[in-house]
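Here is the structure we will look at, set down as structure tokens.
The values are calculated or read from the model by the stated rules, or taken from the named source; none is laboratory data. Just so it is clear, the structure is predicted and the values come from calculations on it, not from any experiment. Cβ: placed from backbone, ideal geometry, glycine included. Neighbour counts: every protein chain shown.
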Amino acid sequence: HPSVPVPSFKGFPRPGSLEQAMVDSVATALGQPLEIPKIYGARELGQTYEIGADQPAVINLDTPGIISGLRFAVPHDLPLDRRNNLDLSFTYENGDSFALPLTAFFGPLDRPPEEIYYQTALLGITTAGGEDIYYANFAMPFQRVQIRIQGRDPAAGRVGARVSCFLADSSRGIPPLRFQVYYSGPVRKEAGSDDFMLLPPGGKRKYVGSILSARDWIPTPGAWNCQYAEGNVKMIGPPLMPFTGWEDFFSGGYFPQAFMTPPRPLGGGTIYWSAYWNHLTVVGLFHGYNQPLVEAVSVEHGVTAANEATLTCSGTSFYYTL
């Protein structure tokens, strides 16, 4: 909850200490992501919809509050092309908005969910009771907001779905932040071209994390596979904050060691497919809550800083404006 102070301590907690008990408690809570929105007494607003190009699902929230969770559930056997026909949009009271393919908000567009189920504390795709559940647990403060899910192609027909949002207790105040999403893709990056922009320049923002998908690269002999694209992820402040390659930034190298336990709830996941692992999606690095404000985030595409790999990239980035 964005209004609740977080206790802190220095160094690693001692076994049996109060600090270790606190870490264990937090890790347990974060390891049950579908329950996270309920921790602070959030109430669920849910409804079943038949969603198509001619009939959107619309949630209007007209009094100030904090969304602590968003759920989208569809039958497990719903074909991928029909899922990918849906768009998600948020529109705030002042006209600020974002829109993107709904499935791009939660993961890659081109693989069926059963091949990419993953769970982090803030974002994931899982299955229960014959449904595939797409969930997000970002804190989303608002004064007024409309959430809309709508079909793109009328020929795809309507999709039966259950949509829920959770409203947290906002009696302690509503932070002056606005949740936003930037989506780009697919973008073909030729060898020798500039970085792929996960978050383009646009003023200082609090960067939370990204979903990054890359395709079409079979690594050069002697290199690690595609997840070891050692080009830097760059968070541009100023000052420039270079990081390590995709494999550390997105799949776990920077996560606090105290939480490095299954299912690594603060982390991301690296999702591979094909015999050569030349297609992948990496989800995460949600340590951005603790990072300085950034102006842009880019990623190099190559084993070195030379951007020597030709890739098709897609990215979904999550951030807050102040």
- Task: Please go through segment 187-205 and pick out each residue that is of a type outside the set (Phe, Trp, Tyr), surrounded by 16 or more Cβ atoms within 10 Å (Cβ to Cβ) and more than 14 Å from the chain's Cα centre (by Cα).
- Result: Lys189, Asp195, Met197, Arg205
- Task: Report yes if some residue within segment 64-78 is hydroxyl-bearing (Ser, Thr, Tyr) and either touching a His at 6+ places or on another chain (Cβ under 8 Å) or at pLDDT below 95 (or both); otherwise report no.
- Result: yes
- Does Gly160 satisfy the criteria of being surrounded by fewer than 19 Cβ atoms within 10 Å (Cβ to Cβ), modelled with pLDDT under 90 and of a type in the set (Gly, Ala, Ser)? no
- Task: Report the residue count in segment 128-155 for those that are in contact with a Ser or Thr (Cβ under 9 Å, 6 or more places away or on another chain) and among the aliphatic types (A, V, I, L, M).
- Result: 6
- Filtering strands (runs of 3 or more DSSP E) wholly in segment 1-103 for at least 3 residues that are touching a strand residue (DSSP E or B) at 6+ places or on another chain (Cβ under 9 Å), surrounded by fewer than 19 Cβ atoms within 10 Å (Cβ to Cβ) and not β-branched (Val, Ile, Thr) gives 43-51, 97-101
- Arg172: touching a Ser or Thr at 6+ places or on another chain (Cβ under 6 Å), charged (D, E, K, R) and either surrounded by fewer than 18 Cβ atoms within 10 Å (Cβ to Cβ) or modelled with pLDDT under 90 (or both), yes or no? yes
- May I ask you to verify whether Ala42 is farther than 30 Å from Pro186 by Cα and either of a type in the set (Lys, Arg) or touching a Phe, Trp or Tyr at 6+ places or on another chain (Cβ under 6 Å) (or both)? yes
- Query: Exactly one of (1) more than 26 Å from Gly160 (Cβ to Cβ); (2) in contact with a Pro (Cβ under 7 Å, 6 or more places away or on another chain) is unmet by Asp87. Its number?
  - Reply: (1)
- Message: Please go through segment 90-126 and give me each residue that is more than 15 Å from the chain's Cα centre (by Cα) and at pLDDT 90 or above, ordered by number.
- Response: Phe90, Thr91, Tyr92, Glu93, Asn94, Gly95, Asp96, Ser97
